[in-house]
Amino acid sequence: MVLIILSMLTRSQIGFYLEDIETPIGRTVNLTLTGLILLSSASFIAETYPLSGPVRINFQTLDTVLLIVFVVEYLLRLWCAENRVKFIFSFFSIIDLLAILPFLLGFVNVSFIRIFRWFRILRLIRFLELKISIFRISSEDGVIFARILFTLLAIIFVYSGLIYQVEHPANPESFGTFLDAVYFSVVTMTTVGFGDVTPISESGRFLTILMILTGIALIPWQLGDLIKQLVKSANQVENFCRSCGWSVHDANAKYCKMCGSQLDNG
């Protein structure tokens, strides 16, 4: 069925729907991909807990199926790209490539390759605008806050997964499950530092340092943007654009700064 649908669409149409969030087809495609990414992340978390043999096999099968879907999506995006070299080295493409790297290197016996699966959650950056649209976030400060929240959650999720992957074999008492790693990450990121859970491997300590530096580099920078926007908002009023729904404009604005449509200032 999927092959029949793809055969009926042109290269430009497929590329459009992979990026579009306005039309019903585009929104459905991107919502489906977002749901599959979340399902994949939930599967990874579940696999860190004690499971029976058949259940674990089912999760591994699900992971393989999802991985194949993401590989097909990546190849479709590559096929639809106007400049394929630029696409391969773009930020989103590199994240997509990290997410499917276990599949591409599946024939190589490299035990640590499974750590790349935790980067899959970063693919949600591509669909951040979709989530903003779904939750009806129409103000700039709301958009910035959503990005800050996503950045914080992504840092915690990715580094928790990576730290769990390298610490669990060496320190299963402290890092028995993904939740143990999340607890450590949150305590570390908030500088509480209870000290009851600590990494003992060099890789775990190195990842902890990277997690702290990543938080220091990204969170204050986005908070600065939020503060600037809040100061700017003091000179703005709520005036909904009938075309795109953007709600915050300058007091003397005659046209929407997002879509250019004329505003109703009456």
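FYI, it's all coordinate maths here, none of it is from the lab. Being a predicted model, the structure only gives us computed values, none of them experimental. Because the Cβ atoms are built from the backbone with ideal geometry, glycine has one as well, and the counts that use them run over all protein chains shown.
A few points about this structure:
- Using only alpha-carbon positions in the range 13-105, the gyration tensor eigenvalues give semi-axes of 28, 16, 10 Å once each is multiplied by 5 and square-rooted (largest first).
- Taking a straight line from the alpha carbon of Lys254, these aspartates and glutamates sit under 17 Å away, with near neighbours fewer than eight places off in the same chain left out: Glu238, Asp264.
- Extension gain, Phe240 back to Phe16 (0.36 nm per residue minus Cα-Cα distance, nm): 77.9 nm
- The simple spin-label model puts a point 7 Å past each Cα toward its Cβ; for Ile45 and Val187 those points are separated by 2.0 nm.
- Highest to lowest packing among 188-198, 174-184, scored as the average C-beta count within 10 Å: 174-184, 188-198
- For the listed peptides 148-157, 49-58, 215-224, a ranking on the average number of other beta carbons within 10 Å per residue, highest first, reads 148-157, 215-224, 49-58.
- Contour minus Cα-Cα distance for Leu97 and Ala253 (0.36 nm per residue): 51.9 nm
- Extension gain, Asp196 to Lys228: 0.36 nm times the residue separation minus the Cα-Cα distance gives 7.7 nm.
- Efficiency of FRET between Phe206 and Lys86 - r from beta-carbon atoms, R0 35 angstrom, step 0.05: 0.65
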